[in-house]
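Notes follow the structure.
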Amino acid sequence: MEAADHSPHQGLTRRLVLFDLDGTLVDSTPGIWASVRAAAAALGLPEPTPEQLRGMVGPPLQDGFGLVLGVPPDDVPRAVAAYRVHHSAGALLDATVYPGVPELLADLVDAGATLAVATSKPEPFAVRLLAHAGLLPSFASVHGATFDGTVRRKDQVVAAALAAHPDGERPVLIGDRAHDVLGAAAHGLPCIGAGWGPAPPGELADAGAAVVAATPAEVRAVLLGG
């Protein structure tokens, strides 16, 4: 009888479930926006518009400053440095865990899945934020960008997570922006869209997300089958 009760969970044993961080596990927009504003001020740029601030959540920082804020390539390193000074001083921790995320992580771990983080946030920042939010114990590993920018794209951090867990079965990524979907697809992974994140309506589906979940509970239903 006990085996029958747990049968829906058997498919998650050793399954590798990767999570994006900003916009998926935590709402980190207040701290990110404050740091973007500080960097813009440091470079003498105009106050970022609401649309620009929204566009800075998710993509690699270097790409955000260049493509979203239009910072000239030669000035991007200075913008990144100013951002990180402000962010590491405390704005990094101005983040809130999305409702339902702790329960989702606990259920997946209980079902035998291996969880890892794959984020474009610098790895030390990611570990610090996860620890502060109380989420770090749920993850077997954390993979993020390097401070020098050589590793920053989603496909790169997904590659690192896959390499760290060669025995992980049927890997899947949960992420909130188009670049999460595309970074997963680069390795043949499906992406479950975190529809509770900051992406505009339609972005995740248009990028090719396998399914877009409105809540963490819906991710649980997709993965656990109920």
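The angle between the Cα long axis of helix 154-164 and the longest principal axis of the Cα atoms of the chain comes to about 40 degrees, rounded to the nearest 10.
The residue among Pro200, Met56, Pro137 whose Cα reaches farthest toward the positive pole of the charge dipole of the chain, with charges on the beta-carbon of Lys, Arg, Asp and Glu, is Met56. Each of Ala131 and Ala89 was given a label point 7 Å from its Cα along the Cα-to-Cβ line. The distance between the two points is 2.2 nm.
Element breakdown for the stretch 1-113 at a 1.4 angstrom probe: carbon and sulfur atoms account for 58% of the accessible area. Remark: accessible surface ordering of His87, His187, His132 (largest first) is His132, His187, His87, probe radius 1.4 Å. The phi torsions of the stretch 12-17, fed into the Karplus equation with coefficients 6.51, -1.76 and 1.60 and a -60° offset, translate into couplings of 9, 4, 6, 5, 9, 10 Hz, rounded to whole numbers, with Gly and Pro shown as x.
For the chain, count the residues as N, evaluate 2.2 N^0.38 Å, and divide the Cα radius of gyration by that value, please.
Values: Rg = 17.5 Å, N = 226, 2.2 N^0.38 = 17.3 Å.
This ratio for the chain stands at 1.01.
So what's the angle, to the nearest 10 degrees on a 0 to 90 scale, between helix 101-110 and the longest Cα principal axis of the chain? Here the helix axis deviates by roughly 40 degrees. From its DSSP helices (H runs of at least four residues, each -39,500 (n - 2.57)), the chain gives a residue-normalised ellipticity at 222 nm of -11500 deg cm²/dmol.
The calculated pair-distance distribution of the stretch 29-93 uses every alpha carbon pair, bins of 5 angstrom beginning at 0, and gives 4, 21, 35, 28, 11, 1 percent. Ligands, DNA and RNA are left out, and with a 1.4 angstrom probe the accessible area of the stretch 46-127 is 44 Å² per residue.
Cα centroid distance between the stretch 11-72 and the stretch 81-149, in Å? A separation of 14 Å, based on Cα centres. Using a simple spin-label model with pseudo-atoms 7 Å out from Cα toward Cβ, Val97 and Val222 lie 2.1 nm apart. Backbone phi angles across the stretch 174-183, fed through the Karplus curve with coefficients 6.51, -1.76 and 1.60 (θ = phi - 60°), yield HN-Hα couplings of 10, x, 10, 10, 4, 5, 5, 4, 6, x Hz in residue order; Gly and Pro are listed as x. What the phi angles of the stretch 58-68 give under the Karplus curve with 6.51, -1.76 and 1.60, with θ = phi - 60°, is a coupling list of x, x, x, 4, 4, 5, x, 5, x, 8, 8 Hz, glycine and proline written as x.
Using only the heavy atoms of the protein chains and a 1.4 Å probe, how would Asp20, Asp110 rank by accessible area, largest first?
On the way: Asp20 10, Asp110 125 Å².
The most accessible residue leads, giving Asp110, Asp20.
Quick one: dipole size for the stretch 29-93, taken about the Cα centre, charges +1 on Lys/Arg Cβ and -1 on Asp/Glu Cβ, in debye to the nearest 20.
Values: 4 positive and 5 negative charges, 38 e Å.
Taking the Cα centre of the stretch 29-93 as origin, the dipole is about 180 debye.
A simple spin-label model places pseudo-atoms 7 Å from Cα toward Cβ; at Ala186 and Ala41 they are separated by 3.4 nm.
The values are calculated or read from the model by the stated rules, or taken from the named source; none is laboratory data. Small disclaimer: the values here were computed from a predicted structure and weren't measured. Glycine also receives a Cβ, built like all others from the backbone with ideal geometry; neighbour counts cover every protein chain displayed. These area figures cover heavy atoms from the full protein model, side chains too; ligands, DNA and RNA do not enter into them. Shrake-Rupley method; radii C 1.70, N 1.55, O 1.52, S 1.80 Å.
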